[in-house]
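Scroll down for the structure; my scribbles are underneath it.
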Amino acid sequence: TVHGVIDRLVVTADEVFVVDYKSHRHAECGKLQAVAESYRPQLTWYVAGVRRIWPDHTVRALLLFTACTETVELAL
């Protein structure tokens, strides 16, 4: 059993965006890919669950770093 809370789901006609918010006030803006990679296992679980609900949609995983107002997409 896995428990987690997806911060935001955006569902369109053919895609679902799984968005997870991260504050990381001390992260270096513009260089967030390495920080984002540490969340790959978490987002992998979220995407797997969402794919079960919307099997005909493309599911995309995004981390939104609020302190930098930047997103990083993880290919899963």
- Task: From (1) at pLDDT 95 or above; (2) open to solvent by 50 Å² or more (accessible area, probe 1.4 Å), pick out the condition that doesn't hold for Leu63.
- Result: (2)
- Note on the structure: Taking the stretch 28-56 and the residues there that are touching an Asp or Glu at 6+ places or on another chain (Cβ under 8 Å) and assigned to a helix (DSSP H, G or I), the one that is farthest from Val11 (Cα to Cα) would be Gln42
- Query: Among the residues of the stretch 1-17, how many are more than 22 Å from Asp56 (Cα to Cα) and in contact with a helix residue (DSSP H, G or I) (Cβ under 8 Å, 6 or more places away or on another chain)?
  - Reply: 2
- Message: Scan the stretch 19-40 and tell me whether some residue there is within 13 Å of the chain's Cα centre (by Cα), of a type in the set (Ser, Thr, Tyr) and exposed (fewer than 11 other Cβ atoms within 10 Å of the Cβ).
- Response: yes
- Message: Take the conditions exposed (fewer than 10 other Cβ atoms within 10 Å of the Cβ) and small (Gly, Ala, Ser) and apply them to Gly4. Does it pass?
- Response: no
- Note on the structure: In the stretch 57-76, anything under 14 Å from Asp7 (Cβ atoms) and either assigned to a loop (DSSP other than H, G, I, E, B) or hydroxyl-bearing (Ser, Thr, Tyr) (or both) is listed as Thr66, Thr71
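The values are calculated or read from the model by the stated rules, or taken from the named source; none is laboratory data. The structure presented is a predicted model; accordingly, all values stated were derived computationally and were not measured. Don't worry about glycine lacking a Cβ; one is built from the backbone with ideal geometry, like all the others, and counts go over all protein chains shown. The protein model used for the area step is the full one, side chains on, heavy atoms only, and it has no ligands, DNA or RNA in it. Shrake-Rupley method; radii C 1.70, N 1.55, O 1.52, S 1.80 Å.
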